[in-house]
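One structure below.
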Amino acid sequence: MNWTFTINPQQLWETYVLPWGTQIVLALLIFIVGRILARAASHGATKALERARLDPILVNFISTLLNTTLVLLVIVFALSQLGLDTTSLVALVGAAGLAVGLALKDSLSHFAAGVMLIVFRPFKLGDYVEVGGVAGSVDKITIFSTRLKTPDNKVVTVPNGNVFGNTMVNYSEEATRRIDMVVGISYGSDLLKAKSILEELVKDHDKVLKDPAYKIAVSELADSSVNFIVRPWVKAEDYWDVRFQLTESIKLRFDAEGIEIPFPQMDVHWHKDVA
């Protein structure tokens, strides 16, 4: 038996090439134009948010999320133009997303914490904070982690789950900070003279604020010392400079004035039994 196949070029063109070619071209146009529009919309949203003076991290997150969402919609529309069942595709992507989510649940928890940090913004870039047991200046906040730069220039990356799930201390949130110092003198030193010197050193320091007023008082009669609390207020950026300068000035001035700063010691008395 002989089989004979006859191909009609015109019929092939009209039945297959022209319809499928048209659909492919339209799908490509939808994808290309959609990508351009998504990029333009993301760029416009970024400019609008920047004009609103929102945090740069929040601006970047919103613009990235908007662009990703629009691109996904464009892909769905392009595939539907090819005649594909996008409902099944969406269901397949959802099932795959669920499987990936179960496998990466720890990473997703860091992602969720990152979103919460970006939305609620308990700190911003440049703030000196203590999070997850680490202290440093906030250098970068990403979806999965927060990067801190310590005073000795180490870079520490803390997972966002550890940041948002623990106590956060922001030392830069307020414009002023109070320095809490404890200064001890020996019981044999002149208490009123020591207090007068402390008040003079604090009052004369050019970076100590007048308002709120500083506080100097006897706080404790300890085992081997009389302890003063010294609590001046300073600008947040001057905290460490003033603390170090006052510590040095107090030691030098007490030495010059003959006021003893005691150190831990033990007196041992030996009694010899007389036969």
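The numbers here are math on the coordinates, done by the rules we state, and not lab data. Predicted model only: the values in this text are computed from it and were never measured. Cβ coordinates were reconstructed from backbone atoms using ideal geometry, including for glycine residues, and neighbour counts include every protein chain displayed.
Of note:
- Seen from Val230, the other residues with C-beta closer than 11 Å to its C-beta sum to a net charge of +3, counting Lys and Arg as +1 and Asp and Glu as -1.
- Candidate lysines - alpha carbon under 28 Å from Lys47, same-chain residues fewer than 8 apart omitted: Lys124, Lys140
- Residues in segment 196-234 reached by a label modelled at Ala175 [backbone nitrogen below 14 Å; 7 Å Cα→Cβ]: 209-212, 234
- Taking a Cβ cut-off of under 10 Å around Val156, the surrounding Lys, Arg, Asp and Glu residues balance to a net charge of +2, with basic ones at +1 and acidic ones at -1.
- Within straight-line reach of Lys207, meaning a Cα separation under 25 Å, sit the following lysines at least 8 residues removed in sequence or on another chain: Lys193, Lys195, Lys215, Lys235, Lys251.
- Net charge over other residues, Cβ less than 13 angstrom from the Cβ of Ala45 (K, R count +1; D, E count -1): +2
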